[in-house]
Amino acid sequence: MTNEITFPLISGNISMDLVNTEVVRHGTRHDLLTNADHVRAWFDTLIMEKIIFKEQFSADIEHWGNDSLSILRELRQVLREGFEMLADGKELSSDWIKHLELLIENAPFTYQLKNDQLIPTPMGKPENALISLIALDALTLISSGQLNNIHRCANPDCVLLFIDTHGRRKWCSMKICGNRSKVTRHQRQKAQNK
Ligand SMILES: [Zn+2]
């Protein structure tokens, strides 16, 4: 069953969501994208959350999930490097941006208007279409300035990244790391008071 895999922190920004398919649980790094089933589960999650649409792909995921695995993982690595640089207050290289632009050339965009929403629809192989949509999202996050507000989770063991424009959020999510930190602090206080 592919639906058993759950992905943390689906943000609606597919480039962020791809990077966040690597997680740390109980101190061990887990990769949630290591086979075609994982790709399908991730794809289905994005469809369910209306982040992508079936109409954007020329074939069913069953037929190309496997072909997209290695290029997705490669892109994830590239995105993580850039995103972590920004989270650490460094500048992106022009090569990094160029790389994303070139990925879009493999499946450039046409457009559909669906329920008053403009849907970018890449042409070409579906695996390249998915890559194009992810690259477009990352470039859009840059052009809109949103990546200036990208942060690493305050839990040093956590690898999740998030965007916070208010500047107050410390954790990837309260549920994943915030509560855990509260519990640890509480336990420490209890130990001190004994
Ligand atoms: Zn976290």
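Quick note: the coordinates plus some simple rules give every number you see, no bench work behind them. Just so you know, these numbers come straight off a predicted model, no measurement behind them. Don't worry about glycine lacking a Cβ; one is built from the backbone with ideal geometry, like all the others, and counts go over all protein chains shown.
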Exercise. Would it be correct to say that Ile71 is within 16 Å of the chain's Cα centre (by Cα) and under 13 Å from Glu127 (Cα atoms)?
Worked result: yes
Seminar exercise, completed: Residue pairs qualifying under the 9 Å Cβ cut-off, at least six apart or on distinct chains, with the first in segment 142-167 being at positive phi and loosely packed, with under 13 Cβ neighbours inside 10 Å and the second being of a type outside the set (Val, Ile, Thr) and not in a strand (DSSP E or B), are Gly167/Asn149
For this session: Determine whether segment 111-126 contains at least one residue that is closer than 23 Å to Leu32 by Cα and in contact (Cβ under 8 Å) with a residue 60 or more places away in the chain.
Result: yes
Problem set entry | strands (runs of 3 or more DSSP E) lying entirely in segment 96-172 (those with 3 or more residues that are within 16 Å of the ligand (Cβ to nearest atom)) | 150-152, 161-163
